[in-house]
Amino acid sequence: MIFKQPKKYIRSHEPVFWGLFGAGGMLTAFLTPIMILLTGLLIPLGIIEPEALNYEKLHSFTSSWYGAAIILIIVALPLWHTLHRIFHSLHDLGVQRGRSWQQVICYGFAFAVSVFVFTLLLQILTM
Amino acid sequence: MSKKLTPSEKRLEIEILRYHPEQDEEPYLQQFEIPYTTDMTILEALQFIKDHLDSTVSFRWSCRMAICGSCGLMVNGVPKLGCKAFLRDYYPNKITLEALANFPIERDLVVVMDDFINKLEEIKPYLIPEKEPQFLTKGTYQQTPEQLEKFKQYSMCINCGLCYSACPQYALDNKFIGPAALALIARYNRDSRDAGSAERMKIVNQEVGVWGCTFVGYCSVVCPKGVDPAAAIQLLKVESSKDYLIGMFKP
Amino acid sequence: MSKRRPYNRELSSDWWLKDIFYSQYMLREGSSIFITLYSLILAWGVFRLSQGEVAFNAWMEALQHPLSILFHLIALAFALYHSITWFSLAPKAVDLWIKGKRLNEKIIILTHYIAFVFVSIFCLFIIIS
Ligand code: SF4
Ligand code: FES
């Protein structure tokens, strides 16, 4: 009889990143098309009055804590979605070297931009 | 004995990837021409070739009715069951047959399935009762139609391996447990009579468990039995995430 | 002696170009590059906002550059592609049961599209008002 050594199973930490990926993907699916249409096309082309997104309006919105929170989520959360995909796409494309470094760079980038936006918003809030 | 083709018969060109380990360095394509009728399957075409044109062509089959799962092969690059794919869907174009992708070729259209079978075995594909298994004299395990419905779809798998040859993640890294094995885990974990979830979740929770999947979704497209492994995997990702959260609070 | 010599076929690194299904998958994953860039543009906007009115207006003006318009057009196409694929795969992750039957796929997808239209109109309304 062959006796099999019980296999060791190592739990992955992927649920953390998958959760952020899912939340970001959901937000992106619902919000990003209209956001791009507004900020990148309709307003710059003057189809909607540029006044719709003027400094004062945006600044006062960002100066409330809930406004700042909304901006943070809209700007930063999609990055946790996209960088997760980019990380896995590297594997799909056969870039096998330094997987753990790829991971640090990808999620590190999303983290860094999140912190960047967070500090800016904090600055505006406490101004 | 060779059957004479009458000129009035419609014909179809079939190309087969041949490989004889005793003599060939690597596989090569060989052309055949067969008489065509609208009711012929790919498997029947192969049987015609073996009976009348070249008896050395090797391929697997048994039931001829999409139940045994042994006749999987690539038809023009798409994983199919030979007995469930019809020539009429390709006629008059040439058909190229190849051994199931992502598996090593044993010979011609026969692949080495050991890795796949080992993975199916690894997930403990049987009911693990909560208490001591009870004798039949004490009565059977009861289940409502609703409880059956929760896993029935995932129990339809015939272990044909088509989903593995459709899965780029398995192709990239064959340590990935793969679609059918995960669907089979869902089949048992969702069964009200089973209490083995905790053991199987250890497999699911690994990097090469459910997290090896990037939701390409092709497995569910090629599956000949409508199992939808991609859906089973998504549900298991949610389960694994819950398991992760619970694991954080009670080590 | 065994004559077995299983042959392993190599996976070429352009596997995703060989089947339309795989190409669509890669296109879906590729959408993330454009959405990343768009998020960075927004992050830059927040940075300019924090610097004051002049800086912010310069950012708004930069968005009018033809290259910026072109980028946003492409990004919009990719973002929509992401939404479509996201909605079409959504039912696979929903484990909702009503009266012993799993919720119909079409209903789940349709709900997503209705919500999508609703969110879009809502955003448009907020900006205009
Ligand atoms: S899940 Fe479908 S494709 Fe995969 S082995 Fe089972 S029957 Fe075949
Ligand atoms: S011969 Fe049994 S499944 Fe095709």
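Assorted remarks:
- Calculated FRET efficiency for the pair C:ASP19/C:ILE128, C-beta based, R₀ 35 Å, to 0.05: 0.20
- Amide H contacts of B:ARG18: B:TYR28, B:LEU29, B:GLN30, each under 5 Å away and 5 or more positions distant or on a separate chain (H built 1.01 Å from N in the peptide plane; Pro and chain starts excluded).
- Footprinting exposure proxy for C:LEU11, C:LEU42 (fewest neighbouring C-beta atoms within 10 Å first): C:LEU11, C:LEU42
- Spread of Cα-to-Cα distances over 10 Å intervals beginning at zero, given as percent, for region A:65-127: 22, 39, 23, 13, 3
- Result for chain C in a Gaussian network model with C-alpha springs under 10 Å: among C:ALA79, C:ALA55, C:ALA90, the largest mean-square fluctuation is at C:ALA55.
- Note that region A:18-32 has calculated 3J(HN,Hα) couplings of 5, x, 5, 4, x, 4, x, x, 5, 4, 4, 4, 8, 9, 4 Hz, one per residue in order, obtained from phi through the Karplus relation 6.51 cos²θ - 1.76 cosθ + 1.60 (θ = phi - 60°); glycine and proline are x.
- A Förster distance of 41 Å, applied to the separation of the beta-carbon atoms of B:PHE48 and C:LEU11, puts the FRET efficiency at 0.80.
- Whole-Hz couplings from phi, Karplus 6.51/-1.76/1.60, listed for region A:62-67; x for Gly and Pro: 6, 7, 9, 5, 6, x
- Taking the C-alpha atoms of region C:1-73, convex hull volume expressed per residue in Å³: 123 Å³
- The angle between the Cα long axis of helix C:105-128 and the longest principal axis of the Cα atoms of chain C comes to about 20 degrees, rounded to the nearest 10.
- Computed over chain A, the per-residue total of -39500 (n - 2.57) for DSSP H runs of n ≥ 4 gives a 222 nm mean residue ellipticity of -23000 deg cm²/dmol, rounded to 500.
- Fewest-first ranking of B:TYR218, B:TYR244, B:TYR164, using other Cβ atoms within 10 Å as the exposure measure: B:TYR244, B:TYR218, B:TYR164
- Each residue of region A:41-51 was assigned a 3J(HN,Hα) from its phi angle through the Karplus expression (A = 6.51, B = -1.76, C = 1.60, θ = phi - 60°), giving 10, 4, 6, x, 7, x, 5, 10, 3, x, 4 Hz with x at Gly and Pro.
- Against the rule of thumb 2.2 N^0.38 Å, how large the Cα Rg of chain C comes out: 1.62
- Fewest neighbouring Cβ atoms within 10 Å first, the residues B:ASP54, C:ASP19, B:ASP39 line up as B:ASP39, B:ASP54, C:ASP19.
- Of all the options A:ALA76, A:ALA110, A:ALA52, the one that moves most in a Gaussian network model of chain A with Cα springs shorter than 10 angstrom is A:ALA52.
- Between region C:60-82 and region B:60-92, the C-alpha centres lie 46 angstrom from each other.
- Beta bridge orientation in chain B: antiparallel %, DSSP, nearest 5: 85 percent
- Remark on chain B: hydrodynamic radius 20.2 angstrom, per the Kirkwood mean of 1/r across alpha carbon pairs.
- Looking at region B:96-133, the trypsin sites (Lys or Arg not before Pro) that sit in a DSSP loop and have at most 12 other Cβ atoms within 10 Å of their own Cβ are B:LYS131.
- For chain B, Cys with no neighbouring Cys Cβ under 4.7 Å: B:CYS71, B:CYS83, B:CYS157, B:CYS160, B:CYS167, B:CYS213, B:CYS223
- Annotation: amide H of B:GLU33 within the under-5 Å range of B:ILE14, sequence separation 5 or more or interchain, hydrogens built in the peptide plane.
- Most simply put, the protein assembly as shown has about 90% antiparallel DSSP beta bridges, counting only bridges with both residues inside it.
Each value in this text was obtained by applying a stated rule to the coordinates, not by laboratory testing. Computed from a predicted model, the values in this text were never measured in an experiment. As a convention, Cβ positions derive from the backbone with ideal geometry for all residues, glycine included, and neighbour counts pool all protein chains shown.
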